[in-house]
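**Q** Attaching a single structure in structure tokens format; questions to follow.
What follows is calculated from the coordinates using simple rules that are stated; it is not laboratory data. Here the structure is a predicted model, which means the values were calculated and not measured.
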Amino acid sequence: MAVPTDKAALLAAMRDEYRRLRAVLARVPPERAFAQELDGHAKGSRMSAADLLAYLLGWQALVLKWHRLEREGAAIDFPDAGYRWNQLGLLAQKFYRDYREIGDWARLCAMLDDSQRQVEALVEGFSDQALYGRPWYDKWTRGRMIQFNTASPCRNARGRLAAWLKTQGQVRAEG
């Protein structure tokens, strides 16, 4: 898929990647969802499918937080307070911890659905100019920052999960 350059393309990419991810998530056996069987985001670490959902939830929450802080006129600490861009493995582990108490796979999936709707609504509220007309963070436009932290991680998560499911003996089937 081409890199989105306008609102319609961004929403299409977000929705398509999420739809395809949801098809793979539906194949995850709930009894395996919390097993630490996938390579983690930090070198040498392990994670579960639930941790991977926590990672997606964490990034979507950050996208929403950045925009809330902007609306409030507060400074945005990218990527998050206490973390630098070269510490994304540590940030991923924080996301895992943030959602670790949720031990229900269906609930995590429902939370991700809700978060996805919120981010899509956020994007709907911006014009093409606001999303792609000027840099928003460093050299990146607002639309590109949203895409980096929504559609792109969904694509990556889908690939990770599909590979893991294949090792579990499940047939690869994507929407």
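**Q** Å³ per residue of the Cα convex hull, for the stretch 7-167?
**A** 113
**Q** Okay, next question. Working only with C-alpha atoms, what are the Rg and Dmax values of the stretch 92-138, expressed in angstrom?
**A** 15.4, 42
**Q** Sticking with this one: With contacts defined as alpha carbon pairs under 8 Å and 6 or more residues apart, what's the relative contact order of the chain in percent?
**A** The value is 37 percent.
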